[in-house]
Amino acid sequence: MTNIYYIIILSIIIIGLGLGLGLGLGLKKNKVKNMKYDKLFVIGFNKTGTTSIHDLLSSLDINTSHAASKNFVLKNIDKYDAFTDGYHYNFIEYYKLYPNSLFILNTRPIYKWLVSRYKHGKYHNFKKSWCWPVSNDKTFSWIENREKHYNNILNFFSDKPEKLLIVNIE
């Protein structure tokens with residue numbers, strides 16, 4: 001599926017959910033009545049459409065952040081309505097602070113995800129970084145972390161499925 005179709009489908013889903021985060025109508029959050037969700041947290045890994053989701057939400061005038069530092073979300077949780085990138089292993093803390101939020105687990109097939117992560121090395125001029133050089137240890141670690149993170153998410157939301165939306169970007 002091409003990126004434009006992905007954006008259109010996700011737009012329909014987000015608008016249909018009635019997030020109450022402005023919805024691109026220029027409304028201020030405190031003026032929206034009957035809000036369904038207070039915040040939106042995209043809790044999948046990078047290289048799974050986080051930039052496209054950020055761009056989509058921004059185009060809908062939703063105050064969103066695409067910062068990726070480990071503690072950025074918790075330090076800035078009251079400044080933004082949506083967070084599309086970061087280290088979201090602490091998603092339960094987000095839930096405790098904003099239980100009336102929607103969480104999106106964005107994903108893609110594992111092979112394409114791994115290749116995309118390694119290709120990201122070109123942005124670092126193929127110097128040693130989190131995504132370069134290619135190694136078995138790094139690959140296995142990513143796969144293990146992904147599986148653990150996904151299982152934690154699925155287990156946590158098993159009794160509150162209305163709070164979790166799973167989006168496969170492929």
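Please treat every number below as a calculation from the coordinates, not as lab data. Note that the coordinates shown come from a computational prediction; the quantities given were computed from them, not determined experimentally. Here the Cβ is made from the backbone with ideal geometry for all residues, glycine too, and neighbour counts use every protein chain on show.
Here are some notes:
- Once C-alpha pairs closer than 8 Å and six or more residues apart are averaged by separation and normalised to the residue number of the range 28-155, the relative contact order reads 28 percent.
- For I62, residues with placed amide H under 5 Å, excluding near neighbours: G24
- Cross-link check: pairs K36/K75; K70/K119; K39/K138; K70/K138; K70/K148; K79/K119 evaluated at a Cα-Cα cut-off of 27 Å; pairs beyond the cut-off: K39/K138; K79/K119.
- On a per residue basis, the convex hull of the C-alpha atoms belonging to the range 28-168 measures out at 115 Å³.
- Estimated vicinal HN-Hα couplings, Hz - the range 157-163 in sequence order (Karplus 6.51, -1.76, 1.60; Gly, Pro = x): 8, 4, 9, 9, x, 5, 9
- Peptide ranges 79-87, 162-170 listed from the most packed, as the mean C-beta count within 10 angstrom indicates: 79-87, 162-170
- Label-point separation, K36 to E162 (7 Å along Cα→Cβ), nm: 1.0
- Distance from the alpha carbon centroid of the range 35-57 to that of the range 116-166 works out to 16 angstrom.
- 3J(HN,Hα) along the range 134-142: 5, 7, 4, 4, 5, 4, 5, 5, 4 Hz, from the Karplus curve 6.51 cos²θ - 1.76 cosθ + 1.60 with θ = phi - 60°, whole Hz, x for Gly and Pro.
- Per principal axis, descending, Cα span of the range 113-170 in whole Å: 44, 22, 16
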